[in-house]
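These notes concern the structure reproduced below.
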Amino acid sequence: MSLVFEIAIVIIILAISILLMRIRLRVKWSSDRKWIFLGLGHSGPEFDLIKRTGTLKLFGITLKHFPRKRISEDETPEKITKPGKPQKRQRQRSWRDLQRLLPVMIKEFISFLKSVLSSLVVEELQGEVRGGFDSPSDTGMAYGYYQAALAIAPGVTGRLHYVPDWEASSLSASARIAVALPLYKLLWRTVVLAWRLPLRDIYKLAIGTRKGGHDVQ
C-alpha cells in the first residue's frame, strides 16, 4: 500500500469524522449560574455571564481563559481620523429586479430555516420552576394544573418540574438546554439553498451597474 493511498485514507476518515460532528449549543441558566457554550462537538468557546469570563476548549480540553474586558470612560479609545478615500462612481440597482428576486429569496430562506430547524436534535431539556402565591390555595391550584398538564403530555414528565412554595409568594427558575445540528445536514441544506437561489442574478443586483455606463458581462 503506497504512502499516497494511506494519506488519502486518513484524510477521508478525518473528513467523515468532521462531517459527523455536531454544532452544539448548550445553556445552563439559574439564579446563580448563567453559562453558554457554542461550538463544534466539544470544541469551542464557553461563557460564564455572571463571572464575565470565557474559556476556549478543544475536544473538551481547556486551551485558554479570557476575561470579559470592560472599557472605562478613561480608557475610551480616541477616534482616529482616516484620510478620505477617493470617491468612486456611484452604482445603481434595478428596483424591478429586486421586486422579482426578493420573493424567491424569502421563500428559499424560509425553506432553508425550516429544514435546519427540523434537523435539530434536542440532546437535553431540563427545567425547574419553584414558586408560590400569597394564598396556599392558589399555590395548590397551580400545582394541580401542573399535574393535569403532566397527564395530558406525559413526555414532559422528567423534563419540566414545578416545586410549589407553600410558605410565601416567590418565583425562581432554572434550565439546562442542549441542542445540536449535525454538520453534514447543515452543509447539505446550504448546498440545496445555493442550488435553488438565482445566485448570478443576485450577484448582479448586489454590485449594481455604473451610472452612465454598463458593466462588462
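Take SER43 and decide whether it is among the polar types (S, T, N, Q), over 23 Å from ALA173 (Cα atoms) and modelled with pLDDT of 85 or more. Judged against the criteria, SER43 is a match. If the condition is being among the β-branched types (Val, Ile, Thr) and touching a residue at least 40 places away in the same chain (Cβ under 8 Å), then segment 107-145 contributes VAL116, VAL121, VAL122, VAL129. If you go through segment 178-195, how many residues are more than 15 Å from PHE109 (Cα to Cα) and crowded, with 16+ Cβ neighbours inside 10 Å? Looking only at that region, the number is 7.
The values are calculated or read from the model by the stated rules, or taken from the named source; none is laboratory data. Predicted, not measured: the structure shown is a model, and the values here were computed from it. Here the Cβ is made from the backbone with ideal geometry for all residues, glycine too, and neighbour counts use every protein chain on show.
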